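Read the figures in this text as sums done on the coordinates, not as results from a lab. Because the structure is predicted, anything quoted here is derived from the model rather than measured. For neighbour counting, all protein chains shown are included, and Cβ atoms are generated from backbone atoms with ideal geometry for every residue, glycine included.
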Amino acid sequence: MTSSYNIMMSAAASPAQTVPKANSTASGGVGSGNSNGGGGSYYDEHENHLLHVNSGRLSSAAASSAPGPGLTNGGAGSDAEMRWWWRTRSLNAPSPFQQFGPCGRIMKNSAMVMQIQDPASQRLTWYKPPLTVLVIKKKDSQVLLPFVQLVEWLVQEKHMVVWVESAVLEDKLLRDDVKLENESAKFRQVHGDYCGVRERFLALREKLVTFKDGRDDLTDRIDFIVCLGGDGTLLYASQLFQQSVPPVMAFYLGSLGFLTPFQCDNFQEQVTNVLEGHAALTLRSRLRCSIHRKGERRKESLLQPAGSNLLKPSQHRHLNYVELNNGQFTGGNNNYCNPHMSSNNSILVLNEVVINRGPSPYLSNIDIFLDGKYITSVQGDGLIVSTPTGSTAYAAAAGASMIHPSVPAILVTPICPHSLSFRPIVVPAGVELRISISPDSRNTSRVSFDGRNDQELNHGDSLRVTTSIYPVPSICSQDQISDWFDSLAEGLHWNVRKRQKCLDELSDLTASGSEDTLDEFDNLKIYDA
C-alpha cells in the first residue's frame with residue numbers, strides 16, 4: 001500500500017517560482033522583478049523575456065512599460081500600474097532583481113535551478129480514497145470518550161480501517177477483566193464511571209488493527225493520522241514515521257495545544273472535510289540527525305577504488321554511513337541508537353536536537369561547523385538546533401526568535417552561554433551543521449532528539465544535522481497564517497498587555513494634572529522662602 005495523498009496547488013495563488021538554490025549560483029541572465037513587485041516572477045528561458053505573477057496569471061514584462069512601482073518614465077506610477085504590481089497573497093519572497101548596476105549580474109547556471117511552490121497555495125488532495133487511519137491518543141482518562149466516539153464513527157460511518165497502539169487494548173479502563181479488588185478505591189470509582197464508554201469500545205475491539213512502537217514498521221501502511229492530545233502527541237506521530245509522513249490532523253485535548261488547532265466539538269464535520277480534500281497544509285520541516293562515533297568510517301571509503309582519493313559528489317550524497325561500535329560494523333536495518341533510526345543511522349526530529357552538559361558541573365565546550373567551516377564554539381550549558389516548528393518550544397524559552405513553520409531555516413540557540421554577545425542565529429535550511437566536543441573540553445555532553453533517545457557524545461564524536469526531505473504535513477484548521485498567530489495568542493499569550501488610552505480619554509486627566517503640578521510648585525516656593 002502506498003501513500004494516497006498529494007499536495008495540490010491552489011489556482012488562485014501564485015504558481016511556483018524558479019529560483020536559485022541557496023548554496024549554488026543562480027540562473028537567469030536578466031533581472032526577475034522588483035523586490036516590491038508581484039507574488040513571484042521568473043525569467044523564461046524559452047520566451048527570452050521576463051514573466052511576472054499577478055493574481056495567478058502570467059503577463060509579459062515586454063507588454064508593459066512600467067519597470068516597477070513608482071518607476072515609470074513620468075515619475076510616480078498610476079493607480080492601474082500600482083494595482084498591476086500589487087503583490088498577491090504569497091508566503092514566498094519576491095524574486096530578487098538579478099542585475100546589479102550596468103555591468104553586474106548573477107552568473108547563469110541552468111543546472112542549479114529548482115521550483116519552489118508558494119506555501120500559501122499548498123492544499124491537500126487525495127489521488128485515491130484514504131482507507132486506513134491511525135488514531136493516536138494521549139494517556140489520559142479524559143481522552144477516552146472522544147477517542148471511542150471518533151473510532152466508532154470512523155469504523156461504522158466511514159468504513160475505514162483504524163490502527164491504534166497495542167497499549168490501548170491494555171488500558172485497564174477499557175477492559176472488563178480487571179480484578180477491581182486489587183485496585184484502589186479511586187480507580188474503582190473511575191472504572192465504574194467509564195462503564196458505558198468501555199462497552200462501546202469492546203464492541204469495536206475486534207475491528208481494530210494494532211501496532212507496537214519499536215517493533216512494527218508503519219511505512220506506506222497509513223493514509224491518514226488523527227492525534228488526540230497535546231503537542232507531545234504530534235511529536236510522537238512524527239517519531240513513528242522516519243520517512244514519508246501521512247497527513248496529520250491534531251485535535252486539542254492537551255495542556256498547551258500549540259500544534260493542535262482542531263476542537264473535538266464537531267469532529268465529524270471537520271474530518272469529513274479533510275477526507276474530501278478541503279484542507280490547507282503546513283509542511284513542517286524536520287531535521288535529519290546522525291551521530292558519527294570516533295573511529296568510524298564511511299561506507300564509501302570501504303568501496304573506494306585503489307588509487308582514488310575522492311568519490312563523485314553524487315556518491316557521497318547517496319551512500320549510507322556504517323557505524324563502528326565496539327569493533328563491530330552495524331548498518332542496514334540494525335540501528336544501534338534506537339528503533340526509530342533509519343537505515344543510515346539517522347533520526348528525524350520535528351522540534352529540536354539538544355546538546356547539553358548533563359550532570360557535569362563544568363561548562364560545555366562545543367565546536368560548531370557549517371558546511372565544513374568552523375563557525376564558533378559554545379561555552380555554556382549547551383546548544384539547541386531547532387526547526388521553525390521548534391522555535392516556539394525550548395528555543396523560545398532560551399531566548400530565540402519565533403519563526404513561522406513555512407520559513408526554510410535552521411535555528412541555532414545557545415543555552416545559558418557564558419558570554420554577553422552570543423545571540424541565537426538563523427541559518428539556511430540547506431546547510432549541514434557538524435557539532436562536536438572541543439578537544440580541550442573538560443567533560444563530555446549529552447544529546448537528545450525531541451526530548452527522547454538521550455545519548456552521550458564523547459570526545460571525537462560528531463553530530464551532523466541538516467534539513468530532511470520528509471516534512472510533517474500538518475492539516476490547518478483555517479490557514480497557515482491564522483493558525484500560527486492564533487496559537488501564539490492563545491497558547492503563549494504573545495504580546496499581551498493593557499492598551500494605552502488615547503489622548504481624548506486622557507484630556508481631562510492631563511489638564512487637571514497640569515494644574516496640580518503648578519499648585520505644588522507654588523507651595524514649594526513658599527516653603528523654601
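Remarks
- Residue-span extension gain [Glu432 to Arg215] - 0.36 nm each, minus C-alpha spacing: 75.1 nm
- Phi to ³J(HN,Hα) by Karplus 6.51 cos²θ - 1.76 cosθ + 1.60 over the range 266-272, Hz, x for Gly, Pro: 10, 5, 4, 5, 5, 5, 4
- Per-peptide average of other Cβ atoms within 10 Å, ordering 383-394, 143-154, 225-236 highest first: 383-394, 225-236, 143-154
- Span per principal axis, largest first, for the Cα atoms of the range 412-494 (Å): 51, 34, 25
- The modelled label-to-label distance for the pair Glu199/Ser377, using points 7 Å beyond Cα in the direction of Cβ, is 7.0 nm.
- Each label was represented as a point 7 Å from its Cα along the Cα-to-Cβ direction; for Arg188 and Lys498 these points are 5.4 nm apart.
- Using a cut-off of 24 Å between Cα atoms, the listed pairs Lys128/Lys158; Lys158/Lys179; Lys138/Lys172; Lys212/Lys294; Lys108/Lys373; Lys137/Lys207 include Lys158/Lys179; Lys212/Lys294; Lys108/Lys373 as exceeding that distance.
- Note on the range 114-162: dipole from Cβ charges, positive end direction compared against Leu150, Pro129, Val161; the farthest Cα belongs to Val161.
- Backbone geometry of the range 358-372 corresponds, through the Karplus equation with coefficients 6.51, -1.76 and 1.60 at θ = phi - 60°, to 3J(HN,Hα) couplings of x, x, 5, x, 8, 5, 6, 10, 10, 9, 10, 10, 10, 6, x Hz, x marking Gly and Pro.
- Each residue of the range 90-98 was assigned a 3J(HN,Hα) from its phi angle through the Karplus expression (A = 6.51, B = -1.76, C = 1.60, θ = phi - 60°), giving 7, 9, 7, 5, x, 4, x, 5, 9 Hz with x at Gly and Pro.
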